Amino acid sequence: MQSSFDVIVIGAGPAGYSSAIRCAQLGLKIACIDNWCDKKGLVSLGGTYLNAGCVASIALLESAKIYQLLNHNLEEHGIRAEAVSVDIPQMMQRKNSIVNTLSRQIADSFAEHKITYIQAKAKLLNERLVEITPLDKTASSILEAKHIILASGSSPIDLSCAPIDNEFIIDTTMALNLDAVPKRLAIIGAGVIGLELASIWNRLGAETILLEAQESFLSLTDQQIAREAYRIYTDQGLELRLGARVISAKKGSKKVTVEYQDNDGTHALRVDKLIVATGRKPNTENLAAAEADLLLDENGYVHIDENCRTNLPGVYAIGDLTLLGPMIAHKGIEEGLFVAEQIAGIHNPVNYELLPSVIFTDPEIAWVGQTEQALRAMGESIKIGTYPISGTARAQAVGQTEGMVKIIAHADTDVILGVHIIGPQASEMIAEAVLAMEFSASSEDLVRTIHAHPTLAKALHGAALKLKSKG
Ligand code: NAD
């Protein structure tokens with residue numbers, strides 16, 4: 001194997017694989033090193049996002065939605081289904097096969113672009129050298145490159161009061177690999193991951209209780225949308241206990257006892273499974289040798305400048321490793337492309353202001369730009385238009401009427417400052433808002449844009465029209 005490259009990428013998650021492929025497209029000689037393997041020890045490119053995150057979660061949620069439809073919502077369609085049952089191992093097999101297909105597509109793309117893929121654990125020795133140790137820990141070797149891109153991702157944060165055993169107290173990866181529906185399930189953390197997992201298991205029949213330390217719900221989301229989400233989720237049967245800080249979790253022979261504190265004192269819950277979904281931390285442990293002097297902050301995030309450059313010349317860090325932007329796959333992908341192009345002499349920076357956020361629950365939540373509370377805190381002069389999803393003929397026809405679209409524009413200039421959606425296909429609908437805002441569109445521009453009828457996107461048009469009538 002050759003040992004000298006233009007670029008070495010450490011990590012083959014969305015940030016790493018997109019960076020490696022873009023580097024290759026720009027004529028650079030690339031090696032990409034990744035140590036993820038599946039339960040059988042086989043290569044599985046794609047990182048957390050593919051193997052134990054978004055894709056796995058969306059695949060299971062889709063199955064759960066079908067199960068719920070068959071169980072509860074078919075009669076109004078005039079369809080009767082009898083003896084509907086759920087086969088979790090088959091559901092997991094479908095999810096795994098989707099993951100495998102997508103992972104193979106990355107491997108095929110690596111082969112097509114002549115990227116050298118190495119399944120190993122990589123360690124940065126200095127700004128030019130990377131040590132690689134095969135997973136069977138046989139002899140290490142050293143590779144050299146002119147540029148090194150760190151993209152080793154993140155992993156779940158442990159909670160010392162709820163130690164993971166992956167039988168009763170499980171992490172977010174195991175929560176996507178259960179072999180049966182727990183009768184009673186508690187989830188610590190009502191953040192993005194907690195809510196996405198709750199949406200799956202609640203639909204499959206688990207009594208699901210979310211314990212969230214914060215008093216406010218989805219504090220980074222526009223609070224009008226968060227209130228709507230809270231109402232919809234609780235109507236769906238999710239039990240959301242806010243201001244509930246978990247202080248201990250003990251497993252018995254068949255159940256877990258979770259203790260938490262809220263304003264009323266200390267409470268105990270007995271559940272069949274407990275998922276810990278209390279955030280993620282960057283994978284920087286052992287990523288660099290001490291002598292490399294890679295600068296990290298006190299929480300282990302790699303220190304970078306606005307161009308994703310670390311303190312070591314020629315070494316970049318992207319994706320979940322840094323605090324520049326949220327831990328979301330498409331942020332990593334954009335940074336991967338940006339760094340690859342930077343190395344090739346093209347300057348095409350990421351517009352962090354317009355990164356869309358998505359929560360893949362049902363209904364979905366998606367937004368771009370500023371929230372109403374942030375704009376009011378900044379003293380901006382704003383106007384707001386909202387439109388219910390139920391106001392669109394499409395939503396009525398498909399029977400998914402929950403949710404709303406909210407557009408915030410500058411009161412004087414009419415330039416759109418934020419778009420917030422809760423509803424079916426919100427993750428798809430937000431693309432129009434991102435594009436509009438990339439072109440500094442006004443709400444008038446949205447009004448003048450012809451939307452196909454009947455579509456869910458007509459709710460965006462409806463919200464823009466409401467703004468116009470106030471302007
Ligand atoms: P999070 O920080 O969004 O939520 C964790 C929650 O756990 C917090 O609200 C916190 O208050 C709560 N918590 C912590 N300790 C607690 C305790 N002892 N008792 C009760 N509650 C406690 O983290 P997450 O949901 O794990 O997600 C991690 C990261 O991954 C986030 O940055 C998220 O945006 C990202 N992510 C994004 C997507 C997506 O874009 N769809 C999907 C998955 C993950």
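Identify, by number, the condition in (1) in the same structural domain as H147 (by TED's automatic domain parsing); (2) in a loop (DSSP other than H, G, I, E, B) that Q400 doesn't meet. With (1) in the same structural domain as H147 (by TED's automatic domain parsing); (2) in a loop (DSSP other than H, G, I, E, B) applied to Q400, the lone miss is (1). For first residues located in region 392-403 and of a type in the set (D, E, K, R), partners that are surrounded by fewer than 17 Cβ atoms within 10 Å (Cβ to Cβ) and lie 6+ apart or on another chain with Cβ distances below 8 Å form the pairs R394/P454; R394/T455; E402/S390. Note on region 321-336: residues that are surrounded by 24 or more Cβ atoms within 10 Å (Cβ to Cβ), touching a Pro at 6+ places or on another chain (Cβ under 6 Å) and not small (G, A, S) amount to 1. In region 292-314, of all residues being more than 20 Å from G336 (Cβ to Cβ) and among the hydrophobic types (A, V, I, L, M, F, W, C), the one that is surrounded by the fewest Cβ atoms within 10 Å (Cβ to Cβ) corresponds to L295.
Here is a check on your reading of the model: is L323 over 18 Å from I30 (Cα atoms), within 11 Å of the ligand (Cβ to nearest atom) and assigned to a loop (DSSP other than H, G, I, E, B)? It is true that L323 is over 18 Å from I30 (Cα atoms), within 11 Å of the ligand (Cβ to nearest atom) and assigned to a loop (DSSP other than H, G, I, E, B). So in region 133-159, with the set limited to residues that are surrounded by fewer than 22 Cβ atoms within 10 Å (Cβ to Cβ) and aliphatic (A, V, I, L, M), which one is farthest from the chain's Cα centre (by Cα)? Result: A139.
Every condition in (1) within 13 Å of the ligand (Cβ to nearest atom); (2) buried (at least 18 other Cβ atoms within 10 Å of the Cβ); (3) outside any loop (DSSP other than H, G, I, E, B) holds for A162 except the one numbered (3). Put simply, of L28, L70 the only residue that is assigned by TED's automatic domain parsing to the domain that holds L129 and modelled with pLDDT under 95 is L70.
Consider region 124-148 and keep the residues that are touching an Asp or Glu at 6+ places or on another chain (Cβ under 6 Å) and not hydrophobic (A, V, I, L, M, F, W, C). The one that is modelled with the lowest pLDDT is S140. Summed over region 87-96, the residues that are surrounded by fewer than 16 Cβ atoms within 10 Å (Cβ to Cβ) and over 9 Å from A59 (Cβ atoms) give a count of 5.
Among the residues of region 332-356, those that are in contact (Cβ under 8 Å) with a residue 60 or more places away in the chain and within 14 Å of the ligand (Cβ to nearest atom) comprise G332, I333, P356. Checked against the criterion of being hydrophobic (A, V, I, L, M, F, W, C), surrounded by fewer than 17 Cβ atoms within 10 Å (Cβ to Cβ) and not in a helix (DSSP H, G or I), region 68-76 contains one or more residues that satisfy it. Going through (1) more than 27 Å from I10 (Cβ to Cβ); (2) among the acidic types (D, E); (3) in a loop (DSSP other than H, G, I, E, B) one by one, E127 falls short only on (1). If you take the residues of region 244-279 that are within 27 Å of the chain's Cα centre (by Cα) and over 18 Å from S160 (Cα atoms), which of them is farthest from the ligand (Cβ to nearest atom)? The extreme case among them is D272. Considering each residue of region 270-283 in turn, none proves to be crowded, with 18+ Cβ neighbours inside 10 Å, without any contact (Cβ under 8 Å) to a residue 40 or more places away in the chain, closer than 28 Å to A249 by Cβ and not charged (D, E, K, R).
Could you list, in sequence order, the residues of region 219-238 that are more than 14 Å from the ligand (Cβ to nearest atom) and surrounded by 15 or more Cβ atoms within 10 Å (Cβ to Cβ)?
Here is the first cut: in region 219-238, the ones more than 14 Å from the ligand (Cβ to nearest atom) are 222-225, 227-228, 231-238.
Answer for region 219-238, where residues must be more than 14 Å from the ligand (Cβ to nearest atom) and surrounded by 15 or more Cβ atoms within 10 Å (Cβ to Cβ): D222, Q223, Q224, I225, E228, I232, Y233, Q236, L238.
The residue pairs whose first member lies in region 181-210 and is within 16 Å of the ligand (Cβ to nearest atom), whose second member is assigned to a helix (DSSP H, G or I) and β-branched (V, I, T), and whose beta carbons are closer than 9 Å, counting only pairs six or more residues apart or on different chains, are I187/I193; E196/I58. Pairs are defined by a Cβ separation below 8 Å, a sequence spacing of at least 6 or placement on different chains, a first member in region 235-256 that is among the charged types (D, E, K, R), and a second member that is exposed (fewer than 15 other Cβ atoms within 10 Å of the Cβ) and not in a strand (DSSP E or B); the pairs so defined are K251/D165; K251/E167.
The residue that is farthest from the ligand (Cβ to nearest atom), counting only those in region 130-159 that are assigned to a loop (DSSP other than H, G, I, E, B) and over 16 Å from G279 (Cβ atoms), is A139.
The values are calculated or read from the model by the stated rules, or taken from the named source; none is laboratory data. From a predicted model like this one, the values you see are computed outputs, not experimental measurements. We place every Cβ from the backbone using ideal geometry, glycine too, and count neighbours over all the protein chains shown.
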